[in-house]
Each structure stands twice: as C-alpha cells, then as structure tokens.
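Engineer: Following this message is one structure expressed as structure tokens.
The values are calculated or read from the model by the stated rules, or taken from the named source; none is laboratory data. The shown structure was predicted, so the numbers you read here are calculated from the model rather than taken from an experiment. Cβ atoms come from the backbone with ideal geometry, glycine included; neighbour counts cover every protein chain shown.
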Amino acid sequence: MRSKQFFTTRMQKAGIPEYMIEGAAEYLANHRPAGAFLEFVFSGNFPAAARCADAENQKAFYAWALFVFESVPGDRCGSPAKYKAWIGAGDDDEEEGP
C-alpha cells in the first residue's frame, strides 16, 4: 500500500499546485472523498475536470495527467466506478476497527 507521503512527494515533483496536494493525497492514501475537480481527474473524466479547473489547475493540467498515469494505482482511478469503489473501500476499513 502506498503512503500519503509517497503521493505527496510525487505530486510535488510533478508540479501539482501545493494547495491541492493534501486533498488528493487523502483520497489516494486514506479513501477520503475529493472535491469535484479531483473526482473528475481520478474518475478519468478529463473534459469535465478541464471545465471546472481553476486557473492554477488549468496551468497544471498536463502535470495532473502525467501524475495520474505514472503514480496512481489503477484501483484508485480511471472510471467513476473505481473512484466510488475506492471511497467505499475506506468505509470497510473504518468498520473493521483495531
């Protein structure tokens, strides 16, 4: 399992806007739901992500695409079903307890 630090470091190196890293890393490492832009990115809906991206994320769009392609495991991205399943898998982790 890849850690939050792994994803944080990869995003920093890729040029992802700093204010986006925490939310994206929480989604990737801890199954936390993300905002609309990140949901579209991780669901593989880049046209929708482009439409709702702010100016900084528009500039970093190539960095987002490269980061997802190179660093994000396939069970966490690529379709709306995978996005929802990854978040749902986090619910299972919470129910198990210590």
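Engineer: Could you list, in sequence order, all residues of the stretch 59-79 that are polar (S, T, N, Q) and surrounded by fewer than 14 Cβ atoms within 10 Å (Cβ to Cβ)?
Structural biologist: If the condition is that a residue be polar (S, T, N, Q) and surrounded by fewer than 14 Cβ atoms within 10 Å (Cβ to Cβ), then S79 is the only one that fits.
Engineer: Which one is modelled with the highest pLDDT, of the residues in the stretch 80-98 that are more than 14 Å from E39 (Cβ to Cβ) and surrounded by 12 or more Cβ atoms within 10 Å (Cβ to Cβ)?
Structural biologist: This residue is A89.
Engineer: Please enumerate the residues belonging to the stretch 59-85 that are among the β-branched types (V, I, T) and either assigned to a helix (DSSP H, G or I) or touching a Lys or Arg at 6+ places or on another chain (Cβ under 6 Å) (or both). It would help to see each step written out before you state the result.
Structural biologist: Restricting attention to the stretch 59-85, the residues satisfying the condition of being among the β-branched types (V, I, T) are 68, 72.
V68 - this is the single residue of the stretch 59-85 that is among the β-branched types (V, I, T) and either assigned to a helix (DSSP H, G or I) or touching a Lys or Arg at 6+ places or on another chain (Cβ under 6 Å) (or both).
Engineer: Another question, if that's okay. Out of the stretch 48-69, which residues are in contact (Cβ under 8 Å) with a residue 40 or more places away in the chain and within 20 Å of F6 (Cα to Cα)?
Structural biologist: A60, A63, W64, L66, F67
Engineer: Tell me which residues, restricted to the stretch 1-58, are surrounded by 13 or more Cβ atoms within 10 Å (Cβ to Cβ), part of a helix (DSSP H, G or I) and hydroxyl-bearing (S, T, Y).
Structural biologist: T8, T9, Y27
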